[in-house]
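Everything below concerns the one structure shown next.
Quick note: the coordinates plus some simple rules give every number you see, no bench work behind them. Bear in mind the structure is a predicted one, so any value in this text is a computation, not a measurement. Don't worry about glycine lacking a Cβ; one is built from the backbone with ideal geometry, like all the others, and counts go over all protein chains shown.
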Amino acid sequence: MTSKQTNDEPSTAEGMGLFERFLSLWVALAIIVGIALGQFAPAIPETLSRFEYAQVSIPVAILIWAMIFPMMAQIDFTSVLGVRRQPKGLIITTAVNWLIKPFTMFAIAWFFLTVLFQPFIAPDLANQYLAGAILLGAAPCTAMVFVWSYLTRGDAAYTLVQVSLNDLIMLVAFAPIVVFLLGVSNIHVPWDTVTLSVVLYIVIPLAAGYLTRQTLIKKHGIEWYDNVFMKRVGPITPMGLIVTLILLFAFQGEVILQNPLHIVLIAIPLILQTFLIFFIAYGWAKAWKVPHNVAAPGAMIGASNFFELAVAAAIALFGMQSGAALATVVGVLVEVPLMLALVRIANKTRHHFPAAS
């Protein structure tokens, strides 16, 4: 490796695909297309809304499975056996993601959306936006963190351990945390509805991804799986996300046209939460002298969100036309610019951390 390669950080163009680099742009375009669709061709979303079973939209469920399955299929749960490597990094990631992040998200979003912005947002709508923020706070990142890890020269194998452990915890922690925080917010949702969402959008994709990975690797080998199969199914996630967002904004068009300021107001607490969680995890790692290639990705996992799951849960619990669904999409809109800013901060402060052992 040359000196130049050692000193230079990985480029965004190399680390991120076309979709990831311009995610905020694609979301903005989805907003425009969706609103136009709802205004000029309302029969399309109205027709799709009729295909429901047990209050679950079948077209949206299919799109969400398309989003989530490729991400679950790339997770190697046998990597959790590496939990003994750098245990401090895993303690920090787990504690921040499940004992701190959901509750700071609730506190910050509650203060801004229901107190500080009360003159601008009606109480019922503020509660819906708060519900969307809670769903984002209870879903730590599982996919794009691999991009952030690469851009900060993170330990890829250790990042996989962190993500895999978080996915397993999510199976049992997501629903109780969401129900508790929604209850504290006086937003009551039936346990069976939340449980159905967890089964549909976590358990089934997780099991399908695991079985697919095990079967295909056994048949074709790990190299074929990573370099052929995953590259074939990878584009399904962005396509599913964009089509889902277009449909969502087709239903949300009137709300956005009447309250464009709400997009900005929702974004403010989400942005503050992102920076707060990053610096809690990053500062904790520095205090514990965790190597930078473990500390940076660990902080990124908590700072970013599994927004595909948050969008899915918001739609399942509150509907396509809900403020909760809109709030989760604002999380998608601000994610990439914020995370790239944190990548730059992590890279510029690398010298404050111990070198990788």
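Of PRO190, LEU25, PRO140, which is farthest on the positive side of the dipole of the range 18-351, counting Cα position, with +1 on Lys and Arg Cβ, -1 on Asp and Glu Cβ, and the Cα centre as origin?
Toward the positive end, the furthest listed residue is PRO140.
Which whole DSSP H helices in the chain pass both tests: a Cα extent of 30 Å or more along the axis and a mean Kyte-Doolittle value no lower than -0.5?
156-184, 236-258, 261-287, 323-348
Which one, ASN347, ASN305, ASN166, has the greatest fluctuation when you compute a Gaussian network model over the chain with C-alpha springs under 10 angstrom?
Of ASN347, ASN305, ASN166, the most mobile in the Gaussian network model is ASN347.
Compute the whole-percent fraction of alpha carbon pairs in the range 84-164 spaced more than 20 Å apart.
Across the range 84-164, Cα pairs with separations above 20 Å total 48 percent.
Go through LYS101/LYS286; LYS101/LYS289; LYS231/LYS289; LYS101/LYS218; LYS101/LYS231 and tell me which ones have a Cα-Cα distance over 26 Å in this structure.
Too far apart for the 26 Å limit: LYS231/LYS289; LYS101/LYS218; LYS101/LYS231.
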